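This report concerns only the one structure given below.
The values are calculated or read from the model by the stated rules, or taken from the named source; none is laboratory data. Bear in mind that the values here come from a model prediction, so they are computed numbers and not experimental data. Please note: Cβ atoms are built from the backbone with ideal geometry, for glycine as well, and neighbour counts cover all protein chains shown.
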Amino acid sequence: MLTRMTESIATPQDVLAFWLGAWPIDQSAMQRVQAQWFSKNDAFDAELRQRFGATLAAARAGRLDDWARDADGWLALLIVLDQFSRNAFRGQPEGFAGDAQALAIAQAGIARGDDQRVPPMARIFCYLPLEHAEDAAMQARSVALFTALRDAPGAEPKAFFDGTLDYAHKHQDVITRFGRFPHRNAILARASTAEEQAYLAQPGAGF
């Protein structure tokens, strides 16, 4: 259960400014917050739960679907469902509870071309729901999208976008090999195969 939930629902602009450092986007501000995106930080997770707990609950209940009517709101909704869920429920099954919603919303927005209205540095969050899917077709689509993003005008610094594409390939490789992400098995109470156990025993296995 989310703890210390705020009573009010944030706006899409609140979400984007918090997660991306500023909105409209600012490269220097974003560089200051990048380290928080994919690393474990208990204090950051606690702040996120306090400020956006009610917003996450509302999004998961489908009450914020109207955010997706424009590209900014669509991006914010994806960040809430795909990223905030992982921070708020780190190491718990609920951390993945927003994945199906995020994937459906991401695909719909990409089909509309909303991703092309999002600045390149923030566009990675449009595609992560596909990268997080335990589905071979979604992994192939993720790699294609991250490849196009790396080559897109304004995708700088190149090392960052090379890294996001490399990560997409790594996710695809795991799904090709196992059909699922073994590092989720313990959290989701799934039994690991012997091959998965050997993989998980390797340094740096998982994401």
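Couple of notes before you dig in:
- Across segment 169-207, the qualifying residues are those that are modelled with pLDDT of 95 or more and among the small types (Gly, Ala, Ser), and the one among them that is nearest to Ala140 (Cα to Cα) is Gly179.
- Selection count, segment 149-207, where residues are part of a helix (DSSP H, G or I) and β-branched (Val, Ile, Thr): 4
- The set of residues in segment 133-148 being in contact with a Phe, Trp or Tyr (Cβ under 8 Å, 6 or more places away or on another chain), in contact (Cβ under 8 Å) with a residue 24 or more places away in the chain and either crowded, with 18+ Cβ neighbours inside 10 Å or part of a helix (DSSP H, G or I) (or both) consists of Ser142, Leu145.
To keep it simple, each residue is scored yes or no on (1) of a type outside the set (Lys, Arg); (2) in contact with a Phe, Trp or Tyr (Cβ under 6 Å, 6 or more places away or on another chain); (3) closer than 17 Å to Tyr127 by Cβ.
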{"site": "Ile25", "(1), (2), (3)": "yes, no, yes"}
{"site": "Ala29", "(1), (2), (3)": "yes, no, no"}
{"site": "Arg32", "(1), (2), (3)": "no, no, no"}
{"site": "Leu77", "(1), (2), (3)": "yes, yes, yes"}
{"site": "Gly95", "(1), (2), (3)": "yes, yes, no"}
{"site": "Asp99", "(1), (2), (3)": "yes, no, yes"}
{"site": "Ala104", "(1), (2), (3)": "yes, no, yes"}
{"site": "Ala111", "(1), (2), (3)": "yes, no, yes"}
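- In this structure, Trp67 does not qualify as assigned to a helix (DSSP H, G or I), modelled with pLDDT of 95 or more and within 15 Å of the chain's Cα centre (by Cα).
- A Cβ distance below 6 Å, combined with a sequence gap of six or more or placement on separate chains, defines the contacts here; from segment 14-26, residues that are without any contact (Cβ under 8 Å) to a residue 24 or more places away in the chain reach residues that are in a loop (DSSP other than H, G, I, E, B) and surrounded by 16 or more Cβ atoms within 10 Å (Cβ to Cβ) in the pairs Ala17/Trp23.
- Only one entry of Asp135, Asp162 meets the criterion of being closer than 18 Å to Phe38 by Cβ and of a type in the set (D, E, K, R), and that entry is Asp162.
- Residues of segment 86-101 that are closer than 16 Å to Asn185 by Cβ, assigned to a helix (DSSP H, G or I) and touching a residue at least 60 places away in the same chain (Cβ under 8 Å): Pro93, Gly95, Phe96.
- Just so you know, in segment 12-26 the residues that are assigned to a loop (DSSP other than H, G, I, E, B) and of a type in the set (A, V, I, L, M) include one that is nearest to Asp72 (Cα to Cα), and it is Ile25.
- Test for Arg123: is it surrounded by 16 or more Cβ atoms within 10 Å (Cβ to Cβ), under 19 Å from Ala68 (Cβ atoms) and not hydrophobic (A, V, I, L, M, F, W, C): yes
- Filtering segment 81-105 to residues that are under 19 Å from Phe207 (Cα atoms) and β-branched (Val, Ile, Thr) leaves nothing.
- When segment 33-48 is limited to residues that are surrounded by 12 or more Cβ atoms within 10 Å (Cβ to Cβ) and over 16 Å from Asp82 (Cβ atoms), the one that is nearest to the chain's Cα centre (by Cα) turns out to be Gln34.
- Residue in segment 181-198 that is farthest from Phe89 (Cα to Cα), counting only those that are loosely packed, with under 12 Cβ neighbours inside 10 Å, among the hydrophobic types (A, V, I, L, M, F, W, C) and free of Cβ contacts under 8 Å to residues at least 40 places away in the same chain: Ala194
- Qualifying residue in segment 105-118 (condition: out of contact with any Lys or Arg (no Cβ under 7 Å at 6 or more places or on another chain), at pLDDT 95 or above and in a loop (DSSP other than H, G, I, E, B)): yes
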